[in-house]
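For reference, the structure discussed in these notes is given below.
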Amino acid sequence: MYSFLLTDDEQIVIDTLTLIIRRNFGEDVKIFSALSGAAALEIVHKEKIDIMFMDIHMPGINGLETISLIKQINQNIIVIILSAYDQFEYAQEAINLGAFKYLTKPVNRNLIIQTIRNAMNLVDEQKGQLSNNIEMYEKLNFVSSIVESDFIYSCIFNNNRTTEFSTYLKYFKIQDKDYFMCCIEIPESVNKVRYKNYVKLRDILTGKCSCIIGSFMNNRVGVYVTVPESSKKDEEDPRKKIMNPVHLMLSMEISSGIRIGISEIESDIAKAPTAYNNAMMVLSDLAIDGGIGFFEDAKNIPDDKLSETAKNLSQRILARVKSADKLSLHRLVSEYVSALFKLYRTEPDRIKNSVFELVLNSRSLVLQIEPSYTNTAFDTTFSTLIATNERDDIEHFILDRCMECAGAIAAIQEDTMNPIIQKACDYIEKNISQDINLEQLSASLNVSPFYLSKLFKEEKGANFISYVTALRMEKAKQLLLDDRLIIKEIASKVGYNDQNYFSKLFKQEFGLTPTEYRESKLK
């Protein structure tokens with residue numbers, strides 16, 4: 001389809017051109033007409049015109065002035081001058097303005113037809129070139145997005161691909177060594193327009209920083225952000241300088257419920273998997289209604305802030321226990337023990353006193369809601385701590401007791417659970433091998449996805465995706481004890497068609513591959 005604009009102050013000229021075009025080019029054309037330059041400009045503003053016939057002398061804006069203005073709007077429009085004036089200066093100016101042909105009236109009908117054919121061929125060439133450029137651009141973008149996703153996937157799951165990491169960075173022409181990892185979570189309730197939101201996310205991130213952006217994994221996106229050399233001179237934390245505005249813009253453009261977890265700054269690319277894991281753990285600590293958090297390694301905390309940090313971490317551990325949230329305890333306990341050993345490096349008894357207090361406070365949280373709660377492991381707390389000064393032993397002891405208390409609170413809450421969440425959990429349990437998403441589940445319960453997500457966080461201490469993933473991983477641990485089942489069967493039984501993806505999630509959760517876990521337990 002070719003679009004024509006016929007511009008002349010005489011209607012008979014427009015009618016004659018229309019007749020010639022219709023008779024020789026059939027219905028493969030769309031014709032617009034204008035009796036003045038101003039009217040022609042208005043049409044070009046509204047319509048995509050391919051070929052335009054233009055008279056020079058018209059009322060108001062003359063033809064040459066109109067061509068100059070139209071070329072600013074659409075420089076690819078093909079202009080054919082059809083004028084009664086054959087002065088050289090008119091023709092010369094028209095050509096300078098980019099006119100395709102200068103014809104003088106009266107003009108032979110066959111010449112008009114041939115000129116139109118030549119103009120149509122030029123339109124086809126322009127469109128073909130544009131199409132090729134667009135196709136090439138899309139292919140490059142497509143390839144780059146695949147490479148980006150593969151890079152982020154490697155950062156998340158693989159610890160032994162330093163050479164390939166370097167190759168990726170060369171591909172993206174990244175020279176800055178310092179970087180940090182982000183985990184960005186978009187609420188399930190706004191994921192119906194996932195692609196649109198992903199485009200917005202990419203536009204905002206690439207406009208604020210140099211980064212590599214992965215694809216969606218459930219409702220999360222991993223991002224590698226470089227730290228410019230120049231930012232090291234600033235007193236402000238470069239992570240906050242970059243990501244606080246990003247979070248604000250994402251909140252305004254997509255959803256106020258967006259959560260972003262951000263790792264520490266690293267310079268060794270081999271530590272990218274650890275950095276991403278830290279970013280994801282920070283994210284799991286954030287409120288369900290959105291926020292941004294930054295990982296602070298206890299090893300890097302100044303001595304004068306260690307006491308305050310240890311106290312803060314202790315409170316956060318107890319808060320996680322009280323909400324029956326096991327997902328964040330591994331990291332928080334590790335940070336807490338690091339802070340204690342740095343704070344009381346030459347006073348092991350003070351370390352043990354702090355641990356003893358934390359463990360007893362954890363048990364008290366359970367007793368407050370169930371006075372009859374008993375656990376014989378707490379009866380030997382003092383003697384267990386006396387018997388060791390090893391950091392790993394102490395860390396495992398704290399973690400085990402806190403996990404047991406969180407589990408006990410979760411069990412108690414099951415009895416008083418909101419009936420909607422009870423039904424949701426029953427559904428998830430029965431359909432753990434199937435594809436389960438928040439939208440389908442909320443529809444079956446006649447509630448909104450946002451409300452169900454909010455209930456999950458309040459009742460279970462974790463969002464929907466985290467809860468389902470944790471449940472699947474626990475189910476997988478049980479199935480791995482049956483050595484008659486192969487790993488692929490187990491992956492399928494807990495809802496994963498991709499065995500490799502299942503294995504990587506399992507290792508991310510427990511630090512061992514399914515095979516390693518099975519071997520350790522069976523031994």
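The values are calculated or read from the model by the stated rules, or taken from the named source; none is laboratory data. Please read all numbers here as calculations on a predicted model, not as lab measurements. FYI the Cβ positions are ideal-geometry reconstructions off the backbone, even for glycines, and counts take in every protein chain you see. The protein model used for the area step is the full one, side chains on, heavy atoms only, and it has no ligands, DNA or RNA in it. Shrake-Rupley method; radii C 1.70, N 1.55, O 1.52, S 1.80 Å.
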Residue 317 vs. criteria of a type in the set (Val, Ile, Thr) and not in a helix (DSSP H, G or I): no
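Collect the residues in the range 433-454 that are assigned to a loop (DSSP other than H, G, I, E, B), open to solvent by less than 60 Å² (accessible area, probe 1.4 Å) and of a type outside the set (Ser, Thr, Tyr), keeping them in residue-number order. It would help to see each step written out before you state the result.
Step one: filter the range 433-454 for residues assigned to a loop (DSSP other than H, G, I, E, B), giving 433-437, 445-448.
Pick out the ones that are also open to solvent by less than 60 Å² (accessible area, probe 1.4 Å) and you get 433, 436-437, 445, 447-448.
Correct list: 436, 437, 445, 447.
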Residues of the range 21-54 satisfying the condition of being closer than 18 Å to residue 121 by Cβ and either of a type in the set (Gly, Ala, Ser) or in contact (Cβ under 8 Å) with a residue 60 or more places away in the chain (or both): 21, 24, 25, 26, 50, 51
Tally of residues being open to solvent by less than 70 Å² (accessible area, probe 1.4 Å) and out of contact with any helix residue (DSSP H, G or I) (no Cβ under 7 Å at 6 or more places or on another chain) across the range 366-382: 2
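Looking only at the range 173-186, which residues are open to solvent by 20 Å² or more (accessible area, probe 1.4 Å) and either over 12 Å from residue 224 (Cβ atoms) or part of a strand (DSSP E or B) (or both)? Break it down into steps so the answer makes sense when it comes.
Within the range 173-186, the subset open to solvent by 20 Å² or more (accessible area, probe 1.4 Å) is 173-178.
Scanning the range 173-186 gives 173, 175, 177.
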Test: residue in the range 447-460 that is over 20 Å from residue 419 (Cβ atoms) and either aromatic (Phe, Trp, Tyr) or modelled with pLDDT under 85 (or both): no
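Could you identify the single residue in 124, 178, 150 that is at pLDDT 60 or above, touching a Lys or Arg at 6+ places or on another chain (Cβ under 9 Å) and acidic (Asp, Glu)?
On the way: 124 fails: touching a Lys or Arg at 6+ places or on another chain (Cβ under 9 Å); 150 fails: touching a Lys or Arg at 6+ places or on another chain (Cβ under 9 Å).
One residue alone meets the criteria, 178.
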Residue within the range 339-349 that is touching a residue at least 24 places away in the same chain (Cβ under 8 Å), among the hydroxyl-bearing types (Ser, Thr, Tyr) and open to solvent by less than 70 Å² (accessible area, probe 1.4 Å) present: no
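Residues are listed down the side, and each one gets a yes or a no for (1) free of Cβ contacts under 8 Å to residues at least 24 places away in the same chain; (2) touching a Leu at 6+ places or on another chain (Cβ under 9 Å); (3) under 23 Å from residue 320 (Cα atoms):
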site: 418; (1), (2), (3): no, yes, yes
site: 434; (1), (2), (3): no, no, no
site: 449; (1), (2), (3): no, yes, no
site: 453; (1), (2), (3): no, yes, yes
site: 469; (1), (2), (3): no, yes, yes
site: 508; (1), (2), (3): no, no, yes
site: 518; (1), (2), (3): no, yes, no
Candidate set: the range 392-415, residues that are closer than 17 Å to residue 330 by Cα and not hydrophobic (A, V, I, L, M, F, W, C); chosen: the one surrounded by the most Cβ atoms within 10 Å (Cβ to Cβ): 401
Wholly enclosed strands (runs of 3 or more DSSP E) of the range 200-310 bearing at least 3 residues open to solvent by 10 Å² or more (accessible area, probe 1.4 Å): 211-217, 291-294
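Just one of 477, 423, 430, 460 is closer than 30 Å to residue 370 by Cα, surrounded by 17 or more Cβ atoms within 10 Å (Cβ to Cβ) and over 29 Å from the mean Cα position of the chain (by Cα); which is it? Explain how you work it out, then say what you get.
Details: 423 fails: surrounded by 17 or more Cβ atoms within 10 Å (Cβ to Cβ); 430 fails: surrounded by 17 or more Cβ atoms within 10 Å (Cβ to Cβ); 460 fails: over 29 Å from the mean Cα position of the chain (by Cα).
Being closer than 30 Å to residue 370 by Cα, surrounded by 17 or more Cβ atoms within 10 Å (Cβ to Cβ) and over 29 Å from the mean Cα position of the chain (by Cα) holds for just one of 477, 423, 430, 460, which is 477.
Condition check: touching a helix residue (DSSP H, G or I) at 6+ places or on another chain (Cβ under 9 Å) and either at pLDDT below 85 or open to solvent by 10 Å² or more (accessible area, probe 1.4 Å) (or both). Does residue 327 satisfy that? If you could, list the steps in order and put the result at the bottom.
Working: touching a helix residue (DSSP H, G or I) at 6+ places or on another chain (Cβ under 9 Å): yes; either at pLDDT below 85 or open to solvent by 10 Å² or more (accessible area, probe 1.4 Å) (or both): yes.
Spelling it out, residue 327 is indeed touching a helix residue (DSSP H, G or I) at 6+ places or on another chain (Cβ under 9 Å) and either at pLDDT below 85 or open to solvent by 10 Å² or more (accessible area, probe 1.4 Å) (or both).
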